[in-house]
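K.L.:
Input: one structure, supplied below.
The values are calculated or read from the model by the stated rules, or taken from the named source; none is laboratory data. Everything numeric here is computed off the predicted structure, so don't read it as measured data. Don't worry about glycine lacking a Cβ; one is built from the backbone with ideal geometry, like all the others, and counts go over all protein chains shown.
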């Protein structure tokens, strides 16, 4: 089955672990279905929220296959899985894309190789992404995230150049630069609520590209300049809140969308700063499941968890009202 990526709200799902530090497939499945019911359009596994760099290749495949099975079993067979790939070599990254396809993923979200930071230039970046795209059995979304790639921030001109590759279908702008997103969107026929194109089928025909915000605090700003949606970490906690802003904008209710965005920007700032551990603690506190991160990521103290719950209660209350 070929599942189509569409514009909207995608969530970088967290990876859950048992008390014995094994991948908790039951909780992954439960969380995946909760997000699907909230209107999330794609599950993005093994990103920064998913602690992908802390998992073995076998565990990564388990997370992907568990996510796919949970969606299928719950009747959400059309929702795609976008598998995160963090790998330094072209050969290694290609191997992970093949593993992801076998596990049921539909696309790849991939950061730039950054270990040899001093040697990274435009040629290096181009060779890495095109080298993987040439051999990957799945289409690739570039994950532009300077915070986890030793400060590498891919310029708009290079992103536009890379978009010409038939197997590179989008960029996630976790650089937070809405101007860069606007420049790329204007050059590549970006897919979104303001465009005529809307699915991966349009990309395959050469008529579109996903320009995806990396944080929900500039969702409507991104949509207004032709963006496709957002991959939102706080969407793990308050998915309906993020979906609401997108749907208002898509319906042309701009005044309402901008008012909702102001509230979303406030909550997104707080919830993003929770990171993977804080997100899991919030899920545990308010939804009865969550657990902790994998070492060397650090756990929050009980007092910190209680204080966090007080600080985010109003966001949970709003989510529950939707």
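One line per residue, one yes/no per condition, for (1) free of Cβ contacts under 8 Å to residues at least 40 places away in the same chain; (2) over 25 Å from residue 129 (Cα atoms):
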{"site": "15", "(1), (2)": "no, yes"}
{"site": "21", "(1), (2)": "no, yes"}
{"site": "34", "(1), (2)": "no, yes"}
{"site": "48", "(1), (2)": "no, no"}
{"site": "63", "(1), (2)": "no, no"}
{"site": "70", "(1), (2)": "no, yes"}
{"site": "74", "(1), (2)": "no, yes"}
{"site": "95", "(1), (2)": "yes, no"}
{"site": "99", "(1), (2)": "no, no"}
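K.L.:
Another question, if that's okay. Might you let me know whether the stretch 243-252 holds any residue that is in contact with a strand residue (DSSP E or B) (Cβ under 9 Å, 6 or more places away or on another chain), closer than 18 Å to residue 31 by Cβ and in a loop (DSSP other than H, G, I, E, B)?
P.N.:
no
K.L.:
Still on this structure, I have one more. Looking at residue 114 and the list (1) closer than 20 Å to residue 175 by Cα; (2) crowded, with 22+ Cβ neighbours inside 10 Å, which single condition is not satisfied?
P.N.:
(2)
K.L.:
Is it the case that residue 109 is crowded, with 19+ Cβ neighbours inside 10 Å and out of contact with any helix residue (DSSP H, G or I) (no Cβ under 9 Å at 6 or more places or on another chain)?
P.N.:
When the stated conditions are applied, residue 109 passes them.
K.L.:
Collect the residues in the stretch 1-36 that are part of a helix (DSSP H, G or I) and within 20 Å of residue 320 (Cα to Cα), keeping them in residue-number order.
P.N.:
30, 31, 32, 33, 34, 35, 36
K.L.:
Then there is this: Based on what the data block shows, is residue 181 within 26 Å of residue 48 (Cα to Cα), part of a helix (DSSP H, G or I), touching a strand residue (DSSP E or B) at 6+ places or on another chain (Cβ under 9 Å) and modelled with pLDDT of 95 or more?
P.N.:
Answer is yes for this residue.
K.L.:
Then there is this: Considering the stretch 299-311 alone, what residues qualify as being in contact with a helix residue (DSSP H, G or I) (Cβ under 7 Å, 6 or more places away or on another chain) and part of a loop (DSSP other than H, G, I, E, B)?
P.N.:
Result: 299, 300.
K.L.:
Restricting to the stretch 219-236, and then to whatever is in contact (Cβ under 8 Å) with a residue 60 or more places away in the chain and assigned to a loop (DSSP other than H, G, I, E, B), can you tell me which residue is surrounded by the fewest Cβ atoms within 10 Å (Cβ to Cβ)?
P.N.:
228
K.L.:
Within the stretch 44-65, identify whether any single residue is in a helix (DSSP H, G or I), in contact with a strand residue (DSSP E or B) (Cβ under 6 Å, 6 or more places away or on another chain) and surrounded by fewer than 23 Cβ atoms within 10 Å (Cβ to Cβ), and answer yes or no.
P.N.:
yes
K.L.:
How many of the residues in the stretch 84-106 are under 26 Å from residue 181 (Cβ atoms), assigned to a helix (DSSP H, G or I) and out of contact with any helix residue (DSSP H, G or I) (no Cβ under 6 Å at 6 or more places or on another chain)?
P.N.:
The total comes to 1.
K.L.:
Step by step: first the residues of the stretch 270-282, then only those that are over 18 Å from residue 55 (Cβ atoms) and touching a helix residue (DSSP H, G or I) at 6+ places or on another chain (Cβ under 7 Å), then the one that is surrounded by the fewest Cβ atoms within 10 Å (Cβ to Cβ). Which residue is that?
P.N.:
270
K.L.:
Could you check how many residues of the stretch 161-178 are within 16 Å of residue 213 (Cα to Cα) and either assigned to a strand (DSSP E or B) or more than 20 Å from the chain's Cα centre (by Cα) (or both)?
P.N.:
5
Results for (1) crowded, with 24+ Cβ neighbours inside 10 Å; (2) at pLDDT 95 or above; (3) closer than 14 Å to residue 11 by Cα, shown as yes or no for each residue.
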{"residue": "188", "(1), (2), (3)": "no, no, no"}
{"residue": "202", "(1), (2), (3)": "no, no, no"}
{"residue": "210", "(1), (2), (3)": "yes, yes, no"}
{"residue": "215", "(1), (2), (3)": "no, yes, yes"}
{"residue": "248", "(1), (2), (3)": "no, yes, no"}
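K.L.:
Right, next: With the checklist (1) crowded, with 18+ Cβ neighbours inside 10 Å; (2) at pLDDT below 95 in hand, flag the one item residue 163 doesn't pass.
P.N.:
(2)
K.L.:
Check residue 295 against each of (1) buried (at least 16 other Cβ atoms within 10 Å of the Cβ); (2) part of a loop (DSSP other than H, G, I, E, B); (3) out of contact with any strand residue (DSSP E or B) (no Cβ under 7 Å at 6 or more places or on another chain) and name the one condition it does not meet.
P.N.:
The single condition residue 295 does not satisfy is (1).
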